[in-house]
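Each remark here refers to the structure printed beneath this line.
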Amino acid sequence: MKNDVSGIRVNGTRLLEDLEKMKEKTETPGQGVTRFSYGDMDREARAYLIESGQSFGLSIETDSVGNMFFRFPEDRGKPVILAGSHIDTVQNGGWLDGIYGTLSVLEAMRRIREEKLDCSKSIQLVVFAEEEGSNFGSTLTGSKFLTGKYGRNNLDTLKNQEGVSLGEILAKEGYPPYDADMMLDWRRIQGMLELHIEQGPVLAQQGIGIGIVDRIYGMKVVEFTFVGVGNHAGASPMMGRQDALAAAAAGILEVESCGIDLGQGQAVATVGKIQVLPNGSNVIPQQVTFTVEVRSAQEETIHAIMEEIQYRMEEICNRRNIRCHYRQVAFSKPDSMNPKMVALLEETANRLGEPYLRMNSGAVHDACMLAPFVPTGMIFVPSLGGRSHVPQEDTRPEDLIRGADFLLAALLQLADCK
């Protein structure tokens with residue numbers, strides 16, 4: 001006879017304490033959380049996770065690019081249910097993005113150990129490296145290596161702002177040598193779940209505590225470089241200037257216009273990063289480099305909007321006698337979550353008596369990289385004010401605990417625990 005696991009819940013106090021401790025691991029105390037992959041705070045966060053996992057008997061492995069896997073040693077040979085998220089942040093970001101899902105899985109596994117449950121499948125925590133792309137400008141880096149989207153050559157082509165390659169940083173930090181067979185064994189993996197804050201306003205506005213994701217937006221990032229002619233700001237007449245920044249300003253407004261007019265509420269377009277050279281108050285800007293990011297649930301919409309943006313950029317540069325270069329930095333296709341996984345999450349919500357909303361995700365997540373290979377689902381909890389990637393990012397404690405309880409219930413069902 002099966003044991004009744006329906007009443008098992010996470011230790012909410014312990015989860016919140018873990019989150020508060022991770023909040024302290026930041027390069028910018030008091031100004032949001034800054035924790036880039038492979039940096040000092042990343043090392044501290046990883047050490048905390050390893051110590052916590054080892055305290056209740058988990059074995060931990062780290063692959064060539066920093067993805068981490070936490071397992072129950074006795075589960076070797078069982079089919080696998082993956083669950084997890086990431087621990088890196090954007091500059092001056094929030095305290096919950098990524099780390100909330102990671103610590104919730106760790107807490108779920110701790111409760112499974114405490115309750116001495118026997119599971120037919122192995123629940124494993126995966127911590128994806130460099131999800132935000134803050135170091136190298138390419139999001140979902142760790143999961144792209146796990147799924148074969150990236151390979152050995154990307155260790156050299158991915159570089160940070162100082163021109164240091166991913167491969168060089170990994171070697172310096174002592175990660176294992178690159179393994180061409182580091183892709184996941186999809187024959188053994190039977191499911192993947194990711195719990196995350198919504199990062200938008202929908203759940204909070206509607207007063208609903210659980211979101212079940214149907215589809216994740218795809219994203220394309222292109223870096224534009226405008227090259228003009230630098231000169232003395234006081235001695236150069238306004239007529240005839242080849243001001244790269246003035247041209248870029250006109251281009252950035254066109255990005256906004258394309259996002260509004262062509263997106264029609266189904267896509268977004270953003271310029272979030274810009275560099276001006278030589279960046280002096282008395283020098284006409286000679287070169288400007290900036291990123292354009294387009295997101296939508298439809299791949300054709302992403303490409304169409306970006307093509308229109310590129311066309312308008314070229315028009316502006318031709319009109320102003322500015323040279324324009326651009327290169328694609330990153331692309332991820334929109335992905336639907338597995339219908340059976342969505343149905344299982346709906347059943348879990350009904351069983352727990354939790355109101356829920358089926359919804360799309362405007363933010364990309366590691367789950368979307370795994371979705372083509374394994375049945376994948378995503379769970380959201382509300383974000384206060386819809387704020388994320390900023391120091392004001394927050395979620396009510398009761399919603400954080402509710403989401404972790406929901407994740408645990410779904411994992412117990414997926415792994416057939418008793």
Query raised in the report: Can you tell me which residue in the range 53-74 is surrounded by the fewest Cβ atoms within 10 Å (Cβ to Cβ), limited to those that are polar (S, T, N, Q) and more than 23 Å from Ala171 (Cα to Cα)?
Result: Ser55
Query raised in the report: Can you name the residue in the range 370-406 that is of a type in the set (Val, Ile, Thr) and touching a strand residue (DSSP E or B) at 6+ places or on another chain (Cβ under 9 Å) and is also nearest to Met183 (Cα to Cα) among such residues?
Result: Val374
Report task. Give the residue that is nearest to Ala404 (Cα to Cα), with candidates limited to residues of the range 185-207 that are open to solvent by less than 30 Å² (accessible area, probe 1.4 Å) and among the aliphatic types (A, V, I, L, M). Result -> Leu195
Query raised in the report: Which members of the range 33-52 meet the condition of being open to solvent by less than 40 Å² (accessible area, probe 1.4 Å) and not in a helix (DSSP H, G or I)?
Result: Val33, Thr34, Arg35, Ser37, Tyr38, Gly39
Report summary line: Among (1) open to solvent by 20 Å² or more (accessible area, probe 1.4 Å); (2) of a type in the set (A, V, I, L, M); (3) touching a His at 6+ places or on another chain (Cβ under 8 Å), Leu117 falls short only on (3)
Report task. Find the residue count for the range 188-228, including only residues that are of a type in the set (S, T, N, Q) and assigned to a strand (DSSP E or B). Result -> 2
Report task. Among the residues of the range 155-169, write down those that are touching a helix residue (DSSP H, G or I) at 6+ places or on another chain (Cβ under 7 Å) and open to solvent by less than 30 Å² (accessible area, probe 1.4 Å). Result -> Leu155, Leu158, Ser165, Leu166, Gly167
Query raised in the report: Any residue in the range 278-286 that is over 30 Å from the mean Cα position of the chain (by Cα), open to solvent by less than 80 Å² (accessible area, probe 1.4 Å) and touching a residue at least 60 places away in the same chain (Cβ under 8 Å)?
Result: no
Query raised in the report: Between a first residue in the range 81-99 that is within 26 Å of Ala410 (Cα to Cα) and part of a loop (DSSP other than H, G, I, E, B) and a second residue that is among the basic types (Lys, Arg) and open to solvent by 10 Å² or more (accessible area, probe 1.4 Å), which pairs have beta carbons less than 9 Å apart while being 6 or more apart in sequence or on different chains?
Result: Ile87/Lys25; Ile87/Arg46; Trp95/Lys23; Leu96/Lys23
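With surrounded by 22 or more Cβ atoms within 10 Å (Cβ to Cβ), among the aliphatic types (A, V, I, L, M), assigned to a helix (DSSP H, G or I) and touching a strand residue (DSSP E or B) at 6+ places or on another chain (Cβ under 7 Å) as the only criterion, which of Ala409, Ala367 stands out?
On the way: Ala409 fails: touching a strand residue (DSSP E or B) at 6+ places or on another chain (Cβ under 7 Å).
Only one candidate passes the filter, namely Ala367.
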Query raised in the report: Right, Thr289: touching a strand residue (DSSP E or B) at 6+ places or on another chain (Cβ under 6 Å), of a type in the set (Ser, Thr, Tyr) and either within 12 Å of Val221 (Cα to Cα) or open to solvent by less than 30 Å² (accessible area, probe 1.4 Å) (or both) or not?
Result: yes
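The values are calculated or read from the model by the stated rules, or taken from the named source; none is laboratory data. The structure presented is a predicted model; accordingly, all values stated were derived computationally and were not measured. A quick note on method: Cβ atoms are made from the backbone with ideal geometry, for glycine too, and the neighbour counts reach across all protein chains shown. SASA here: full protein model, heavy atoms, side chains in, ligands and nucleic acids out. Shrake-Rupley method; radii C 1.70, N 1.55, O 1.52, S 1.80 Å.
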